[in-house]
Structures are given as C-alpha cells and as structure tokens.
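K.L.:
Take this structure, written in structure tokens, and hold onto it; I'll ask about it next.
The values are calculated or read from the model by the stated rules, or taken from the named source; none is laboratory data. Keep in mind that this is a model prediction, so the values were computed, not measured. Neighbour counts run over all protein chains shown; Cβ positions are idealised from the backbone, glycine included. What goes into the accessible areas is simple: the full protein's heavy atoms, side chains included, and nothing from ligands, DNA or RNA. Shrake-Rupley method; radii C 1.70, N 1.55, O 1.52, S 1.80 Å.
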Amino acid sequence: MADVYRAAVRMTRDRTKAQDVTQEVFLQAWKSFSRFESGTNCKAWLFKILFHCVDHERRSWWRIRLFHTDEEFLEEQLAAPAPIPEHLSDEGILAALDDLTPEHRAVVLLTDVQELSYKETAEILGLPIGTVMSRLSRGRAQLREKLDGVAKEYGIGGPA
Amino acid sequence: MSNRLRQAFDSEPIPPGMETRIAARPAPRRLWMWPAMAAAAAGLIFGVLYINKLRTVDAILAATEPALPEILRVGLRDHVYCAVMRKYNSAPKPVAKLAEDLPAKMTGLAEVVTAKVPPAFKLHVSHVCKFKGRSFVHLALHDGQRLLSVILTKRENAESIPALLAAGSNGYEVAAFEKGEWLVYIASDASGAESRSLVAAIAPAVREFLDRV
C-alpha cells in the first residue's frame, strides 16, 4: 500500500488526491480480484490499476507519443544511469522527480523506483517497450539535469 | 541512481490511519445506478401490468363482442379498457374538479350526466382517453357495485346509428345513438331493466347537451 500511495503522490503531486486514488486502487483491486492472474506480479497489477486511476483523473497525457528511437541505442543509454550524489536531500530528489513531465515521471517511477521490467512498465502504461525505453532515457536525462541544478543550489558539485 | 531515488521515494510519509481507512471503506455506491435500476424495474413492472391488462381486456371482449352488433363494440371496448380495468375509491373528486380534464366545450357534460343518474352513482372518471388509436370522451360513474360509462366518440367512415340501439352480452349492457358528428354510448354492468332506465334518463340530456355544443 505504501508504494502505491507514494507513487500516487508523485504522479498527482497532491497528497489528498493521492489518498483518494490509493483508496480507489484498492477498491478496484478488490472488485476485480477475479481478473488477477495468480503467478503474475501482483505489484505490477496494482500499479496498472493505479495508473488507470491516475489516467482517469488526468486523462490525455498518457496518449502523447513523444518520439521513437532506436531500441539498441536506448539499451546502451539505459544500462548505466548516472549516480545521484548521496548528499542531496530526499526533498530535493523528489522535487526534481516531480518536476519531470508526467509521462517521463511515470516511466522513471515504475522502472527505476519500483524496479519493474520494461515489459511490465509497457503493459501498465499501455505503451510499446521502445517508447518506455525512450521515455526512461529522456526521463533520466531530465532528472540528472534537474539534480545538477539542485546540487548547485545547495553548493554541491558543478563546474570546478 | 535507482537506490537513491528509491530512498527518496520511501521518505514520503504515509498518512496515519490510511491503511485502516482503506480496509474499512465500503464500496462506493454508484448512486446514479439506483434511480436507473428503480426506473427500469418500475418500467418492467408497468410493462408487465399493462400487457396483463390488455390480455384481460381482450379476454373480456372476446367473450362479449360476438353477441353485439359491430357498432356497439366501439363503445364497449373503451368501457372495458378504461372503466372496467380500473380501481375505484370511495371518495372521488368533486364533479367540477373532474370536469376540468374534459375538453373545454365538453366540460358541462359531467354536470349533465351526474344530474340524471341515481344519486348513488358518483362520477370517478371524466377525461379523454384513447383505445386502439380512437379517442373517446369518457365519463365513468360507480355506485359501489355497478359501473356506468357515458362515452362519446366522433363518427368514423360510414358509421351510423339511425335509432337508439341497445344490446347485452356477458353481463354488459350497451346502448348507443348518434348526435351530429358524435356517437354516444352508455355502457354498464347493470341489469337489462336498470340499464334501460339509465339510458332513458341520460340519453335525452346528452342529446340536448350536444345540441348546444
């Protein structure tokens, strides 16, 4: 439940709304439990419901297809995400995450935070795997930029 | 990156009692569904009742009509459909109030008819009704036991009743005459003699009324 709520907070950027969405997720899960295939990832199933609920809240932005990139190139790019400086505060990191566009934030949350597979992420968001990869690549890049900015604000790192 | 993100992600506090609220939250009732379901159920019930009513009307007519001339069946049909298939309470509305449902030029008919029937007969229905596409001006009176209808309908095609025509069948007595563009029916479940005396009282008054319309 905690992961669902926290992801809802990140996606809605509103704690009250996130509580409602979380309640709705578990209600929907309870109502449609017969459709859950045993042996599959329950967490991915809950997140699928979550993103459906969030999508319902803010219809439209999932449908945006941003770009298509060569998947092999993306695999290489995705293989080694840059480390985040340990001394950045949680608030700073979350603020940078919240600052991503919703479609990039969703992919980063599912793959990097929840550690779901590309396939599971693609199924949850109803996107082709290639799009998940490209969004993840772009999302990470955006996150790095924003974290650099945060780090500079705190007087950490930056050009020597 | 993933670990640090996860660490930051986990720092988001969970509101106290949320788990309990989720576990305790009853399924939201789709409030809009209840009126819709009630309307559908009511529609179904009324539909079944209406079909049942039509079947009963058909059964009564099937048992009654064959012994009656075709022209008398016209009034009998509306009497059975609109007056026989109805429940009557002991306290009908005042005549003047009931007459408000009649077409303006027919408003006086309610007073004319009620003045000519025995006092036990109370006016219960006074309106325009339709049966099988034909319109009728219909007054229904009830005395607690017997039912009486005075029914007017406009002449159609070559319909004609040159003289007062009366016949009985299956416990129903029907009399009819014509006046101008109108065919007038007096239908009841009174006995033959009672019916004749009712017709004798009502028919001249209705003729006179139609003369003035």
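K.L.:
Please name which of B:Val125, B:Ala41, B:Gly171 has its Cα lying farthest along the dipole of chain B towards the positive end, using unit charges on Cβ (Lys, Arg +1; Asp, Glu -1) and the Cα centre as origin.
P.N.:
B:Ala41
K.L.:
Testing the spin-label approximation: label points 7 Å from Cα along Cα→Cβ at B:Glu19 and B:Ala63. State their distance in nm.
P.N.:
In this crude spin-label approximation the distance works out to 7.2 nm.
K.L.:
Would any residue of region B:107-130 have its amide N under 15 Å from a label point 7 Å out along Cα→Cβ of B:Asp143? List them or say none.
P.N.:
Of the residues in region B:107-130, B:114-124 have backbone N under 15 Å from the label point off B:Asp143.
K.L.:
Quick one: what do you get for chain B if you divide its Cα Rg by 2.2 N^0.38 Å?
P.N.:
1.76
K.L.:
Still on this structure: Peptide A:95-102: average number of partner chain Cβ atoms within 10 Å per residue?
P.N.:
Other-chain Cβ atoms within 10 Å of each residue's Cβ, averaged: 1.
K.L.:
Moving on to the next point. If DNA, RNA and ligands are ignored and the probe is 1.4 Å, what is the ranking of A:Lys119, B:Lys97 by accessible area, most exposed first?
P.N.:
Correct descending sequence by accessible area is A:Lys119, B:Lys97.
K.L.:
Dividing the convex hull volume of the Cα atoms of the protein assembly as shown by its residue count, what figure in Å³ per residue is obtained?
P.N.:
Residue-normalised Cα hull volume stands at 273 Å³.
K.L.:
While we're looking at this one, here's another question. As an exercise, use a Förster radius of 30 Å and the Cβ-Cβ distance of A:His56 and B:Val48 to find the FRET efficiency, rounded to the nearest 0.05.
P.N.:
The formula returns an efficiency of 0.20 here.
K.L.:
If amide hydrogens are placed 1.01 Å from N in the peptide plane, which non-local residues have theirs closer than 5 Å to the one on A:Leu116?
P.N.:
So A:Leu116 has HN proximity to A:Thr111.
K.L.:
While we're here: Given N residues in region B:67-111, what is Rg(Cα) / (2.2 N^0.38 Å)?
P.N.:
That ratio works out to 1.47.
K.L.:
Looking at this model, which pairs from B:Lys93/B:Lys179; B:Lys53/B:Lys130; B:Lys132/B:Lys154; B:Lys105/B:Lys130; A:Lys119/A:Lys146 are more than 20 angstrom apart at the alpha-carbon?
P.N.:
Table pairs above 20 Å Cα-Cα are B:Lys93/B:Lys179; A:Lys119/A:Lys146.
K.L.:
Direction-averaged shadow area of the convex hull around the Cα atoms of region B:55-162, nm²?
P.N.:
Reported value for the Cα convex hull: 7.8 nm².
K.L.:
Once you charge only the Cβ atoms, +1 for Lys and Arg and -1 for Asp and Glu, what is the size of the charge dipole of region B:22-159 about its Cα centre, to the nearest 20 debye?
P.N.:
560 debye
K.L.:
Right, here's the next one. Mind checking B:12-24 for the average number of partner chain beta-carbons within 10 Å of each residue's beta-carbon?
P.N.:
5
K.L.:
If the elastic network links every pair of Cα atoms under 10 Å, which of B:Ser149, B:Ser197, B:Ser126 fluctuates the most in the Gaussian network model of chain B?
P.N.:
Sorting by GNM fluctuation, first place goes to B:Ser197.
K.L.:
So, one more: If Lys and Arg each add +1 and Asp and Glu each add -1, what is the summed charge of the other residues whose beta carbon sits under 12 Å from the beta carbon of B:Val84?
P.N.:
Once all neighbours under 12 Å are counted, the net charge is +3.
K.L.:
Over region B:131-213, what number does the Rg to Rh ratio reach, with both radii from the alpha-carbon atoms and Rh per Kirkwood?
P.N.:
0.95
K.L.:
Quick one: if the Förster radius is 41 Å, what FRET efficiency do B:Ala38 and A:Cys42 give, using the C-beta to C-beta distance and rounding to 0.05?
P.N.:
It comes to 0.60.
K.L.:
Taking the full set of protein chains and a 1.4 angstrom probe, give the accessible area of A:Asp14 in square angstrom, rounded to the nearest 10.
P.N.:
Rounded to the nearest 10, the figure is 60 Å².
K.L.:
So how exposed is B:His142, as accessible area in Å² (1.4 Å probe, rounded to 10)?
P.N.:
B:His142 has an accessible surface of roughly 40 Å² with all protein chains in place.
K.L.:
Still on this structure, I have one more. Averaged over its residues, how many other protein chain Cβ atoms are within 10 Å of peptide A:27-34's Cβ atoms?
P.N.:
1
K.L.:
Also: Tally Lys/Arg at +1 and Asp/Glu at -1 over every other residue whose Cβ is under 9 Å from the Cβ of B:Gly180; what's the total?
P.N.:
That sum, taken over residues with Cβ under 9 Å, equals -1.
K.L.:
What are the DSSP H helices in chain B that stretch 15 Å or more along their long axis, judged by alpha-carbon atoms, and whose average Kyte-Doolittle hydropathy comes to at least -0.5?
P.N.:
B:33-64, B:107-116, B:192-212
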